[in-house]
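The values are calculated or read from the model by the stated rules, or taken from the named source; none is laboratory data. Small disclaimer: the values here were computed from a predicted structure and weren't measured. Reconstructed Cβ throughout: ideal geometry from the backbone, glycine too, with neighbour counts over all protein chains shown. Side chains included, ligands, DNA and RNA excluded: accessible areas come from the protein's heavy atoms. Shrake-Rupley method; radii C 1.70, N 1.55, O 1.52, S 1.80 Å.
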Amino acid sequence: MGRVISLVSGKGGVGKTTITANLGIALAKRGMNVCLIDADIAMANLSLLLNMQNSPITLHDVLLGEASIDDALYDGPSGIKFIPSGLSLENYRRVDPERLQAIIESIKPRFDFILLDCAAGIERTVMAAISASDEVLLIAMPSSPSIADVLKAKITAQRLGSKPLGVILNFYRQEKGEIKKEDVMKLLELPVIVTVPFDDEMRKSFMQENLAPVMITKPNTPAAVAVQVAAAKLAGLPVQVEQAQGSGFLSGFFGRLFGFLRGKPRAQAGVGNEQ
Ligand SMILES: Nc1ncnc2c1ncn2[C@@H]1O[C@H](COP(=O)(O)OP(=O)(O)OP(=O)(O)O)[C@@H](O)[C@H]1O
Ligand SMILES: [Mg+2]
């Protein structure tokens, strides 16, 4: 039976969609059966990043009772399955997000992981996604407003019976004025699963001419390395980092030696630093 995990943040623009896509692909590359759901029912972005925006039947149709879940389940990159959300605001207004729970229950046995990319805020679609999830991954930036919002998201998850797994601290630069990882853990009483550094490759991956998750195009850029660490931790697997040339995975002594010799900023990406 698969684990259903919502990625939530409260605050917008902290990297939920980017991390959902990359984490899903990282899990798939480690042999997991993964389904990604664009649960941002009003402002669907995940299909853009996955380059699957032309999928004709979407979660909207399923939530409206006009299509079956299998009609909206597409093959995505690296073996993932993907359920896109629709772009119509009219349909968004008509859908019943409460149906999400039953829909997810029906596909749960087929996957190891079902990841839900949630909207910002804690409005009705986010609550429905959290209620349909077993666990919640909190995505935050190391700033006071983001940590305050993620605390609200954590409390909401607990109220709805979904277990907060920990925090992915994105846009981590270790700059003066940033909230430190240790303080985030104390404030939220949760582990920081990984810190994801600010990475220009990650930023560019969401730009018009280059829409593709870095886990596909640049798997050894620091942000992608951090996501692979998070994937390994979630799946309870040893940390392995894919090399850019597609030459497979390196781990253990050779992985460390290789990373050291190439000067790859593994520590910068939070490898082995987190609780
Ligand atoms: N670690 C990173 N380094 C650099 N840019 C990043 C990083 N993570 C995300 N970004 C960029 O930040 C922007 C916002 O990311 P994203 O859309 O994933 O956030 P979100 O939380 O899903 O936003 P929303 O709340 O609007 O749904 C994107 O342009 C993305 O490429
Ligand atoms: Mg988003």
Elements of type strands (runs of 3 or more DSSP E) contained in region 89-172, each with 2 or more residues being open to solvent by 10 Å² or more (accessible area, probe 1.4 Å) and either closer than 27 Å to residue 32 by Cα or of a type outside the set (Phe, Trp, Tyr) (or both):
163-172
Consider residue 163 against the criteria (1) under 20 Å from residue 12 (Cα atoms); (2) under 20 Å from the mean Cα position of the chain (by Cα): it satisfies all of them except one. Which criterion is unmet?
(1)
Which numbered condition in (1) within 16 Å of ligand 2 (Cβ to nearest atom); (2) of a type outside the set (Val, Ile, Thr); (3) open to solvent by 10 Å² or more (accessible area, probe 1.4 Å); (4) at pLDDT 95 or above is the only one that residue 31 fails?
(1)
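Can you tell me which residues in region 102-134 are in contact with a strand residue (DSSP E or B) (Cβ under 8 Å, 6 or more places away or on another chain) and either at pLDDT below 95 or within 16 Å of ligand 1 (Cβ to nearest atom) (or both)?
Narrowing region 102-134 to residues in contact with a strand residue (DSSP E or B) (Cβ under 8 Å, 6 or more places away or on another chain): 104, 107-108, 110-118, 120-122, 126, 129-130, 132-134.
Within region 102-134, 115, 116, 117, 118, 120, 121, 122, 126, 129, 130 qualify.
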Identify all residues within region 36-56 that are out of contact with any strand residue (DSSP E or B) (no Cβ under 7 Å at 6 or more places or on another chain), away from ligand 2 (no atom under 11 Å from the Cβ) and open to solvent by less than 10 Å² (accessible area, probe 1.4 Å); write none if there are none.
41
Search result, residues across region 173-199 that are open to solvent by 70 Å² or more (accessible area, probe 1.4 Å) and either farther than 27 Å from residue 113 by Cβ or part of a strand (DSSP E or B) (or both)
173, 174, 175, 176, 177, 180, 182, 186, 187
Within region 86-101, does at least one residue satisfy the condition of being small (Gly, Ala, Ser), within 26 Å of residue 213 (Cα to Cα), touching a helix residue (DSSP H, G or I) at 6+ places or on another chain (Cβ under 6 Å) and at pLDDT 95 or above?
no
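Can you tell me which residue among 71, 75, 117 is touching an Asp or Glu at 6+ places or on another chain (Cβ under 8 Å) and either under 22 Å from residue 214 (Cα atoms) or of a type in the set (Lys, Arg) (or both)?
Values: 71 fails: either under 22 Å from residue 214 (Cα atoms) or of a type in the set (Lys, Arg) (or both); 75 fails: touching an Asp or Glu at 6+ places or on another chain (Cβ under 8 Å).
Of the residues listed, the single one that is touching an Asp or Glu at 6+ places or on another chain (Cβ under 8 Å) and either under 22 Å from residue 214 (Cα atoms) or of a type in the set (Lys, Arg) (or both) is 117.
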Looking at (1) away from ligand 1 (no atom under 15 Å from the Cβ); (2) of a type in the set (A, V, I, L, M); (3) at pLDDT 95 or above, which is the only condition residue 63 fails?
(3)
Which one of these does residue 208 not meet: (1) touching a residue at least 12 places away in the same chain (Cβ under 8 Å); (2) open to solvent by 70 Å² or more (accessible area, probe 1.4 Å)?
(1)
Filter result (more than 8 Å from ligand 1 (Cβ to nearest atom) and over 22 Å from residue 210 (Cα atoms)) within region 9-27:
10, 27
